[in-house]
Amino acid sequence: MTDVYAYHHAPRHLLTRRQLRAKALRPGGQEPVAEIRWWGGQRVAYLYDVDRALPVREMTPGRARALAAAMLARRTCPGCRAVRDYCISRRHGLCQPCVDGPGHAGDDFDPSPAWR
């Protein structure tokens, strides 16, 4: 990877992963061919050649089941075992009611096994 472009100055045939995904494509194992830098070089996005990109893999029933199981695990609180409508925070590792604790203790709440 040798080419570095400023924001909005990359050739049209080079796309980021998100741009490829919006066109139902994926990098397909190719290494980035260039990059975009902005904010004084602090931000970087890798670019892939759209001509070498492959179609996104089809969602099979097995993949759909695996994705559903993974999302269920992300929404299940290990403290109270409740399934929430949101993904459990990685920061606390517990759902918000468990983090708040009795009387909404907030950050000083100790999720010890005795409380569970």
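Things worth noting here:
- Contacts under 9 angstrom Cβ, first residue in the range 41-67 being at pLDDT 95 or above, partner part of a helix (DSSP H, G or I) and aliphatic (A, V, I, L, M), 6 or more apart: Tyr48/Leu20; Val50/Leu20; Ala53/Leu20
- Residue within the range 13-28 that is part of a strand (DSSP E or B) and surrounded by fewer than 15 Cβ atoms within 10 Å (Cβ to Cβ) present: no
- In the set (1) of a type in the set (Val, Ile, Thr); (2) under 30 Å from Cys98 (Cβ atoms); (3) touching a Leu at 6+ places or on another chain (Cβ under 7 Å), Thr76 fails one condition alone, (3).
- Neighbours by Cβ (under 7 Å, 6+ apart or cross-chain): first from the range 87-108, part of a helix (DSSP H, G or I); second modelled with pLDDT of 90 or more: Cys98/Cys77; Cys98/Gly79; Cys98/Cys80; Val99/His92
- Answer from Arg74, Arg116 - the residue that is at pLDDT 95 or above and touching a Cys at 6+ places or on another chain (Cβ under 9 Å): Arg74
The values are calculated or read from the model by the stated rules, or taken from the named source; none is laboratory data. On a predicted model such as this, the values are computed, not experimentally measured, just so you know. Here the Cβ is made from the backbone with ideal geometry for all residues, glycine too, and neighbour counts use every protein chain on show.
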